[in-house]
Amino acid sequence: MRKFLVLSLALIVTALFGFQIVLKATTPFQEGHILAEAMKKFKEKIEAATNGTIVVELQIGAVSEEEANNLCAKGIVDLQFTGGRPVEVFAPEYFFVNAPFVIKDYEHFLRVWNGPIGEKARAIIEEKGNMVCLGTVYRGYRQMTANKPIRGPEDIKDLKLRLPVVPTWVKIWEAIGAKAVPVPLPELYQALKEGRAEASEGDVTQISSFKLYEVQSYLIITNHQCGVGWIMMNRTAYERLTPEERQLVHRVMDEVCTWATEKLKASEGDIIKFLQEKGMKVIQLDEAALKAIRELAAPAVEELFKTTWPVTTWDEVLRQ
């Protein structure tokens, strides 16, 4: 804790006297994940743009998504490159932007997040979570992995599926028939290795960077969710920056988000090929199977819009 107090003092002195600014950034994801790559790119670009006046310290894969969000909200770290946890915790009524089967693709997500709906969510996160959203990154579609072939909903029934500790996701997947096994991200590999879970779901960079090919035999292409990464900055740290420094941080982060999104879109197919080379067998579900899975999920999604996400409707979101 003393280290973080010293870091905070350094930020204050920097703001007052123009000394070096040190920003501590964290991501729950491992080396090789697109959000870890984006964080390293931000460090590279902001340090070059400021001739080292702003320095970024990196923490990669050392904490869970829950811990990263808590550390950033409290200002113990200044930046988090993470999943949807900030939305889930501080603006839960808008968490449909990061739920299975709701958002069609990344372009659809951007229309929702950058429109009036997302504007309200960002304002709530800033107020309740003490964090400013600096940008989002496309993480790729979320797929399934398993140690048995999955070709339709009948193969998902009673499947021990590892999920993040996210109640809304659990409800949707249990409606499809899975037996949800909520496990924090750092325990993902071990849970599959030990057999606590026999399947998982996640974007292909997660599957690759966590080396799930060592403990899972099949990659099932379901495209059930558009994966998104959020970059959040502690509001107190943000407000210590001068207007010019804030403008520079936004400009560099915009460049980083564009770079990371384009990189992932260009490499998604290559990552799948890499997983095949590592021994995973790829199953592409046909449209009939995908439709059957969506139909099982739909009542749970509709119910969540009534009870948990009442700020809008699924139909309204789809019209964006």
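Residue-by-condition table, conditions (1) free of Cβ contacts under 8 Å to residues at least 24 places away in the same chain; (2) closer than 30 Å to Arg240 by Cβ:
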residue	(1), (2)
Val102	no, no
Glu107	yes, no
Val112	no, no
Ala121	no, yes
Asn130	no, yes
Cys133	no, yes
Gly140	no, no
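The listed residues are Ile231, Ile220, Ile272, and the only one of them that is touching a Gly at 6+ places or on another chain (Cβ under 6 Å) and modelled with pLDDT of 95 or more turns out to be Ile231. In region 146-170, the residues that are under 20 Å from Gln206 (Cα atoms) and without any contact (Cβ under 8 Å) to a residue 24 or more places away in the chain reach residues that are open to solvent by less than 80 Å² (accessible area, probe 1.4 Å) and part of a strand (DSSP E or B) with C-beta atoms within less than 6 angstrom, at least six apart or across chains, in these pairs: Val170/Leu163; Val170/Ala180. Restricting attention to region 220-251 and to residues that are farther than 30 Å from Ala292 by Cα and of a type in the set (Val, Ile, Thr), the residue that is surrounded by the most Cβ atoms within 10 Å (Cβ to Cβ) turns out to be Ile231. Scanning region 111-145 for residues that are at negative phi and touching a Ser or Thr at 6+ places or on another chain (Cβ under 7 Å) yields Trp113, Ile117, Val137, Tyr138, Arg139, Gln143, Met144, Thr145. Residue count for region 294-320 under the criterion of being open to solvent by less than 80 Å² (accessible area, probe 1.4 Å) and part of a loop (DSSP other than H, G, I, E, B): the result is 6. Scan region 44-68 for residues that are within 16 Å of the chain's Cα centre (by Cα), part of a helix (DSSP H, G or I) and free of Cβ contacts under 8 Å to residues at least 40 places away in the same chain and the total you get is 1. In the set Ala197, Ala175, only one residue is in contact with a helix residue (DSSP H, G or I) (Cβ under 6 Å, 6 or more places away or on another chain) and buried (at least 21 other Cβ atoms within 10 Å of the Cβ); that residue is Ala197. With respect to being open to solvent by 50 Å² or more (accessible area, probe 1.4 Å), under 13 Å from the mean Cα position of the chain (by Cα) and charged (D, E, K, R), Arg122 falls outside the description. What number of residues within region 70-99 are outside any helix (DSSP H, G or I) and either under 13 Å from the mean Cα position of the chain (by Cα) or on the phi > 0 side of the Ramachandran plot (or both)? Final tally of qualifying residues: 7.
The values are calculated or read from the model by the stated rules, or taken from the named source; none is laboratory data. Model, not experiment: these values are computed from the prediction. Note that we place each Cβ from the backbone using ideal geometry, even for glycine, and neighbour counts take in every protein chain shown. These area figures cover heavy atoms from the full protein model, side chains too; ligands, DNA and RNA do not enter into them. Shrake-Rupley method; radii C 1.70, N 1.55, O 1.52, S 1.80 Å.
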